[in-house]
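Q: Right, I'll just put the structure down here and ask away after.
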Amino acid sequence: TQLLEQSPQFLSIQEGENLTVYCNSSSVFSSLQWYRQEPGEGPVLLVTVVTGGEVKKLKRLTFQFGDARKDSSLHITAAQPGDTGLYLCAGALGSWGKLQFGAGTQVVVTP
Amino acid sequence: GAGVSQTPSNKVTEKGKYVELRCDPISGHTALYWYRQSLGQGPEFLIYFQGTGAADDSGLPNDRFFAVRPEGSVSTLKIQRTERGDSAVYLCASSRTPRGGGTDTQYFGPGTRLTVL
């Protein structure tokens, strides 16, 4: 059972289009992280958001943490084929920050 | 390289057998984590080591699963009497120091794909 619900599960778009991935939960997290995972590799951290309402930008990627620290979104502007991958959100819980991952959103960007 | 390494990359075994999966963390990282990732799912936490000791093993599914980190560096995940349901990718991650709030970066290895026939 995963505390974090990610939507959509799969997203296929053309190069140059925009996309948004959502991560929702009924739990409050001390922080939330977004990862990207390529086939045969482990997840790679993209960003950590800590403060409710926080917005972080990483080139064409914009990450937002909900005011109540229960949800987050990832927006990609002008997607490129190199953005293809499995995007995972993970919320930190407890005293040492145990990570709870969502099931992931598979993004495919075609030229 | 300087990243987290895991061996073997693939392991095929028969139901009922014993397997060991190895993780070499980044040098100097005191925290080490094991996760399991089933097809179509995100990683699921298994166990967290701070140094040599298991600080949180609440994710181990049952007593067939055990992990050690005797010298505070390399870790081995051991699975006894394997079952078909144990088939998954087993991921290891390490970080410098565990900080409250989960803001410390975990660096993941490529995983070991375990298949139980």
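The values are calculated or read from the model by the stated rules, or taken from the named source; none is laboratory data. What you see is a predicted model; the values in this text were computed from it and never measured. Glycine gets a Cβ as well: all are built from the backbone with ideal geometry, and neighbour counts include every protein chain shown. Quick note on the areas: whole protein, heavy atoms, side chains included, nothing else; ligands and nucleic acids left out. Shrake-Rupley method; radii C 1.70, N 1.55, O 1.52, S 1.80 Å.
Q: Let me confirm something: among A:GLY16, A:GLY52, A:GLY82, which residue is without any contact (Cβ under 8 Å) to a residue 40 or more places away in the chain and more than 30 Å from B:ASP56 (Cβ to Cβ)?
A: Exactly one residue qualifies, and that residue is A:GLY82.
For (1) more than 12 Å from chain A (Cβ to nearest Cβ); (2) acidic (Asp, Glu), each residue gets a yes or a no:
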| residue | (1), (2) |
| --- | --- |
| B:LEU21 | yes, no |
| B:SER27 | yes, no |
| B:SER38 | no, no |
| B:PHE45 | no, no |
| B:THR52 | yes, no |
| B:VAL68 | yes, no |
| B:GLU71 | yes, yes |
| B:SER75 | yes, no |
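Q: Could you list all residues from region A:40-65 that are touching a Leu at 6+ places or on another chain (Cβ under 8 Å), under 17 Å from B:PHE108 (Cα atoms) and not small (Gly, Ala, Ser)?
A: A:PRO43, A:LEU46, A:VAL47, A:THR48 - these are the residues of region A:40-65 that are touching a Leu at 6+ places or on another chain (Cβ under 8 Å), under 17 Å from B:PHE108 (Cα atoms) and not small (Gly, Ala, Ser).
Q: Consider B:GLN6 against the criteria (1) free of Cβ contacts under 8 Å to residues at least 60 places away in the same chain; (2) open to solvent by 10 Å² or more (accessible area, probe 1.4 Å); (3) part of a strand (DSSP E or B): it satisfies all of them except one. Which criterion is unmet?
A: (1)
Yes or no, residue by residue, for (1) open to solvent by less than 60 Å² (accessible area, probe 1.4 Å); (2) modelled with pLDDT of 95 or more; (3) within 14 Å of chain B (Cβ to nearest Cβ):
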{"residue": "A:LYS57", "(1), (2), (3)": "no, yes, no"}
{"residue": "A:ALA79", "(1), (2), (3)": "yes, yes, no"}
{"residue": "A:ASP83", "(1), (2), (3)": "yes, yes, no"}
{"residue": "A:ALA92", "(1), (2), (3)": "yes, no, yes"}
{"residue": "A:SER95", "(1), (2), (3)": "no, no, yes"}
{"residue": "A:LEU99", "(1), (2), (3)": "yes, no, yes"}
{"residue": "A:GLY102", "(1), (2), (3)": "yes, yes, yes"}
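Q: Hey, among B:THR82, B:THR105, B:THR76, which residue is open to solvent by 10 Å² or more (accessible area, probe 1.4 Å) and touching a Lys or Arg at 6+ places or on another chain (Cβ under 6 Å)?
A: It is B:THR76.
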